[in-house]
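A short write-up of the structure that comes next.
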Amino acid sequence: AAADATGVQQYDPAHDTNAAHRLELLGDLRRAIGADDQIILHYQPKIDLVTGRPAGVEALVRWNHPVKGRMAPDTFIPMAESTSLIRPLTDHVLQIAARQARQWQQGGTPIPVAVNLSTRCLLDPHFADHVFDLLQRTGLPVELLELEVTESMVMADPDRALAVLRALHDGGIRLSVDDFGTGHSSMTYLQRLPVQELKIDRSFVQQMTDVDGDAVLVRTAITLGHNLGLSVVAEGIEDEETAAALRELGCDIAQGYHFARPMPADEFDRWLAGTAV
Ligand code: C2E
Ligand code: CA
Ligand code: CA
Ligand code: CA
């Protein structure tokens, strides 16, 4: 256990080799999904680099464990992904995000919400139907939900994944390729994916102003994305220098602490009200 900047106790199961502890934590997570106050979402805006206006918002999950305290997704998502628990967790996150987006829409500030998927979603031939059912129950228009996938999720079983992505796409859901540049990016697959957005991984963005090679990678990714007709997002922007460099390169959308950190919904409401003027 370690304390983060806010002094909140953090537990890291990645460094806990005790199998019994992991089993216990999985049980805790299963109960957390059934409870209504432990799994919460923070929202980080995606900023249009030309207008400076929010173009959307990404939902990022957090777990307030009753004993261990606040847990970051990197500590429990991989654990959930190694079991079938990732599906109920993803469904829970989708539901919270869709309800929240519906509230924003009804409040007069419609903003598309992006949710991160996992490999198992793309292996489930019924996943698209499940998402459309959820949208119908929530009353959220399809254009206000966006789904983020990575190339490695697709590569796990390309044929099945492509079928799920096409069904989502045909139903009008906007899809985004997350963490672009990491892993084995295949140009052939990128071209075949029915996506509208490409997100350049923050590891490239963060070094672009001091390492020559990374500026080249970012420029190449922007050109590639634009040649495929995609909107290009850069994530992990922490300073104005990087934002200016990305604007110069023609990057469309930006995300990062420089603009706004992920925030609870009520804080995001105040942030949104502040940018509206
Ligand atoms: P991601 O999808 O690549 O999300 C971006 C991560 O970068 C988030 O970390 C965000 O808080 C962080 N970030 C944003 N701006 C900056 C910045 O300027 N500097 C730095 N250093 N970091 C920044 P977070 O919230 O801890 O999420 C980590 C990862 O966990 C996500 O990476 C995503 O892969 C996964 N994740 C988060 N929520 C969910 C979820 O609901 N479902 C699934 N399956 N995965 C999720
Ligand atoms: Ca993401
Ligand atoms: Ca990412
Ligand atoms: Ca990621």
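The values are calculated or read from the model by the stated rules, or taken from the named source; none is laboratory data. Small disclaimer: the values here were computed from a predicted structure and weren't measured. Cβ coordinates were reconstructed from backbone atoms using ideal geometry, including for glycine residues, and neighbour counts include every protein chain displayed.
Restricting to helices (runs of 4 or more DSSP H) lying wholly in segment 50-149: which have 1 or more residues that are within 26 Å of Gly183 (Cα to Cα) and of a type in the set (Gly, Ala, Ser)?
73-81, 127-138
How many residues, within segment 225-241, are away from ligand 4 (no atom under 16 Å from the Cβ) and either surrounded by fewer than 19 Cβ atoms within 10 Å (Cβ to Cβ) or in contact (Cβ under 8 Å) with a residue 60 or more places away in the chain (or both)?
8
Between a residue in segment 142-158 that is over 15 Å from Leu198 (Cα atoms) and any residue that is small (Gly, Ala, Ser) and modelled with pLDDT of 95 or more, which pairs come within a Cβ distance under 6 Å, given they are 6 or more apart or on different chains?
From segment 142-158, the pairs are Val142/Gly172; Leu144/Ala101.
Could you list, in sequence order, the residues of segment 33-47 that are in a strand (DSSP E or B) and among the β-branched types (Val, Ile, Thr)?
Answer for segment 33-47, where residues must be in a strand (DSSP E or B) and among the β-branched types (Val, Ile, Thr): Ile39, Ile40, Ile47.
Look through segment 65-78, keep the residues that are under 18 Å from the mean Cα position of the chain (by Cα) and either polar (S, T, N, Q) or surrounded by 17 or more Cβ atoms within 10 Å (Cβ to Cβ) (or both), and return whichever of them is nearest to ligand 1 (Cβ to nearest atom). Step through it out loud before you land on a result.
Keep residues of segment 65-78 that are under 18 Å from the mean Cα position of the chain (by Cα), which gives 71-78.
Now narrow it down to the ones that are either polar (S, T, N, Q) or surrounded by 17 or more Cβ atoms within 10 Å (Cβ to Cβ) (or both): 71, 75-77.
On the way: Met71: 10, Thr75: 9, Phe76: 9, Ile77: 5 Å.
Out of the qualifying residues, it is Ile77.
Does Ala14 satisfy the condition of being surrounded by 10 or more Cβ atoms within 10 Å (Cβ to Cβ), over 25 Å from the mean Cα position of the chain (by Cα), more than 14 Å from Leu85 (Cβ to Cβ) and modelled with pLDDT under 70? Please lay out each step first, then the result.
Numbers: surrounded by 10 or more Cβ atoms within 10 Å (Cβ to Cβ): yes; over 25 Å from the mean Cα position of the chain (by Cα): no; more than 14 Å from Leu85 (Cβ to Cβ): yes; modelled with pLDDT under 70: yes.
So Ala14 fails the test.
Looking at segment 180-189, is at least one residue buried (at least 17 other Cβ atoms within 10 Å of the Cβ) and in a helix (DSSP H, G or I)?
There is no residue in segment 180-189 that is buried (at least 17 other Cβ atoms within 10 Å of the Cβ) and in a helix (DSSP H, G or I).
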